[in-house]
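Down below is the structure, laid out as C-alpha cells.
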Amino acid sequence: MSTLPVALTAPRDLVTGSEFSSAQIRELFHLAASVKARPERYRSALAGRFLALIFEKPSLRTRVTFEVGMASLGGAAVFLDHQGSRLGMRESVPDVARNLERWVHGIVARTFSQSTIEELAAHAAIPVINALSDRFHPCQALADFFTLEEHFRNLKDLTLAYVGDGNNVCHSLLLTAARLGAHLRIATPKGYEPDAAVVAEARRAARDSRAKIELLHDPAEAVAGAQAVYTDVWASMGQEAEAATREKIFAPYQVNEALFALAAPDAVFLHCLPAHRGSEVTAGVIDSPRSLVYQQAENRLHVQKAILLALLS
Ligand code: CP
Ligand code: NVA
C-alpha cells in the first residue's frame, strides 16, 4: 500500500485544463511542492508504469521534463516523434489510442490541433495529457502559477499582466487564473485577443474564485502596478508564415525596460520560453534579476511530476 501523499481526487485527463477544479489545483500544488522538496520519497512511485510522448512540434522543456520526470518517479517514457507527419496520417487517431492503451499507462501529446488531443482522450482508456496544442498549454500555466505562488506566497492579491498574443499560453493562463482567484490583465493588439469562448469560460469560473479578468489593448494600462508581467512569442509554432507581419503589429507590445518600469517596484517577469530577445522581450528584462523564467522552467518538472502522480498512480 502506498504511503505517499498522492491521494488526489484528480480527473482522468488534462486535455484543456478545465478538468481540474480550484481545489484540485491546490492539491496538485501541494503535491508538487512535496515532490520538489523531497524527490527521493517518490523515486519508485511510478515503478512499472510507462508513458508515451507524441510530439508533432519541437520541444525542449516539455519533452525533457516529462522524460526526466517519469524516470525520476521510477517509470519510463517512450518518445514518438511525429514532427514529420501529423498524428492520424499513417493510421487513425482512434487506432493509435487503442494500440497505445495496451502498452502504456498514459499519453502525453503535443499536436497542432486541440481536436487531435481530444480525439485521443475520447478513444483511449488511459489518461491523456495536453503538452501544448493550438488552443491550450495547461502544464505551462500550472507551473507558472505554482512559480508565482512560490515567489509571492499568495495568488489572491496578485495582478498578472499578460502582454502580446491571445494564444494557447494566454488561454491556459486565463483558465488557471480564473480557478485560483488571481487578477489577470491581458493586453493584445486588436484582432489578436484570446478566443471569446475561452474568455467566457474563464469568467464563469472567476465568479466562484473572485478572480478578475480584464481584456485591454493598451500594454501600459495592463502593466501599470502589476506584480508580474508575462509575455510569449508573437508567432507560435505553426504560424511561421505570419512572423514578419506579426513583428510589425506586435512591436508596441514589446516588454522592454520602459514598459516593465510601469509595473510594481517588486514586479517579476515571466515567459514560457523559447524567447526571442529583441522581439517580444528585451535582453535587459528577461536577463534581469527580476526574471523568473528559469524558475518557471524548473517548476515544469516538479508540477508535471505531480500531474503524473495524480493521473497515473
Ligand atoms: N515552454 C515550453 O513548452 O517549452 P518547449 O516548447 O521547449 O517544450
Ligand atoms: N505560444 C507558443 C508557446 C511555446 C511553448 C507556441 O505555441 O509556439
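Run the numbers on the range 93-165 and let me know its relative contact order in percent, using alpha-carbon pairs under 8 Å that are six or more apart.
That works out to 25 percent.
Carbon and sulfur atoms: what percent of the 1.4 Å accessible area of the range 113-251 do they account for?
49 percent
For the range 261-313, what is the accessible area per residue in Å² when the probe is 1.4 Å?
I get 35 Å² per residue for this part.
State which helices in the chain qualify, where a helix is a whole DSSP H run, it must extend 30 Å or more along its own axis by its Cα atoms, and its mean Kyte-Doolittle hydropathy must be at least 1.6.
What comes out of the filter, once short or polar helices are dropped, is none.
Please give the charge dipole size of the chain, origin at the Cα centre, charges +1 on K and R Cβ atoms and -1 on D and E Cβ atoms. Round to the nearest 20 debye.
About 800 debye.
In a shell of Cβ-Cβ distance under 10 Å around Ala222, excluding Ala222 itself, what net charge do Lys and Arg (+1) and Asp and Glu (-1) give?
Net charge in that neighbourhood comes out at -2.
Mind scanning Lys36/Lys212; Lys57/Lys212; Lys212/Lys305; Lys57/Lys248 and naming the pairs with a C-alpha gap bigger than 27 Å?
Listed pairs above 27 Å: Lys36/Lys212; Lys57/Lys212; Lys212/Lys305.
Would you grab the residues whose amide H sits under 5 Å from the one on Val281? Only those 5+ places off in sequence or on another chain, please, with H modelled 1.01 Å from N.
Those lying under 5 Å, H to H, from Val281 are Val255, His276.
Net charge within 11 Å of Ala77 by Cβ-Cβ distance, Lys/Arg positive one each and Asp/Glu negative one each, not counting Ala77 itself?
Result for the local shell: +1.
What percentages make up the Cα-Cα pair-distance distribution of the range 128-211 when the bins are 10 Å wide from 0?
Result, from short to long distances: 19, 53, 27, 1 percent.
Hey, what's the range 74-133 come to in accessible area per residue, 1.4 Å probe, Å²?
46 Å²
Within the range 279-313, find all residues whose amide N lies under 17 Å from a label point positioned 7 Å from the Cα of Ser44 along Cα-to-beta-carbon.
313
Would you mind checking which residues have amide H under 5 Å from Val108's amide H? H placed 1.01 Å from N; only 5 or more apart, or other chain.
Ala52, Leu53, Ile54, Ile129
Counting pairs of alpha carbon atoms under 8 Å apart in space and at least six apart in sequence, what relative contact order in percent does the range 130-199 give?
The normalised contact order for the range 130-199 reaches 35 percent.
Summing -39500 (n - 2.57) over the DSSP H runs of n ≥ 4 in the chain and dividing by its residue number, what mean residue ellipticity at 222 nm do you reach, to the nearest 500 deg cm²/dmol?
My calculation for the chain gives -12500 deg cm²/dmol from helical runs alone.
The values are calculated or read from the model by the stated rules, or taken from the named source; none is laboratory data. Keep in mind that what you see is a predicted model, and the values were worked out from it rather than measured. Quick reminder, even Gly has a Cβ in these numbers, built from the backbone with ideal geometry, and neighbours come from all protein chains shown. Note: accessible area is taken over every heavy atom of the protein model, side chains too, but ligands, DNA and RNA are not part of it. Shrake-Rupley method; radii C 1.70, N 1.55, O 1.52, S 1.80 Å.
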